[in-house]
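One structure is given here, and the rest of the page talks about it.
The values are calculated or read from the model by the stated rules, or taken from the named source; none is laboratory data. This structure is a prediction, so every number in the text was calculated from the model and none was measured. A quick note on method: Cβ atoms are made from the backbone with ideal geometry, for glycine too, and the neighbour counts reach across all protein chains shown.
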Amino acid sequence: MHYSSKVSTGKITADQVPAMEGVNIDWVHDSADESKKAATAMVKGYGIVFPPALISRHTERAAVDMTIGGMVGKKIKDASDKDVDIKKLSDLHAVGATYGVEKLVSDPPHWSDDGH
């Protein structure tokens, strides 16, 4: 994801992407334009909002991107076993915090152990 963003925005060319163990992506296509188009398709396919960092809360296994739906009108237990009425999706932020999971509001799918 990190390099798809860089190639798609022209910050680097596809042939500058270093090989990474466990990542089997052929970044170089028949032309620089095709390489950039393929990287752009990857960015769109992943729904990337912010250019991904190579080292991040995700790679440290301290964050996850997830979209939650269908919770409005339901009850959910917080970490102290208290029922919480979910009247709007943002009510989940307080529930998550009781479990040590913080919502980064500026990045819609992002949750982490420290809100970053």
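Would it be correct to say that P18 is assigned to a loop (DSSP other than H, G, I, E, B), closer than 17 Å to H110 by Cβ and not β-branched (V, I, T)?
no
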Test set (1) in contact with a Ser or Thr (Cβ under 7 Å, 6 or more places away or on another chain); (2) modelled with pLDDT under 95; (3) farther than 30 Å from K87 by Cα - A39 fails condition number: (2)
- prompt: Which one is surrounded by the most Cβ atoms within 10 Å (Cβ to Cβ), of the residues in the range 37-60 that are assigned to a helix (DSSP H, G or I) and among the β-branched types (V, I, T)?
  reply: V43
field: Residue in the range 21-36 that is surrounded by the most Cβ atoms within 10 Å (Cβ to Cβ), counting only those that are assigned to a helix (DSSP H, G or I) and not hydroxyl-bearing (S, T, Y)
entry: K36
- prompt: When the range 92-116 is examined, which residues are found to be touching an Asp or Glu at 6+ places or on another chain (Cβ under 9 Å), in contact (Cβ under 8 Å) with a residue 12 or more places away in the chain and not in a loop (DSSP other than H, G, I, E, B)?
  reply: H93, A94, V95, G96, T98, E102, H110, W111, S112
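Would you please name the residue that is farthest from V49 (Cα to Cα), looking only at residues in the range 62-91 that are among the small types (G, A, S) and assigned to a loop (DSSP other than H, G, I, E, B)?
So the residue we want is S80.
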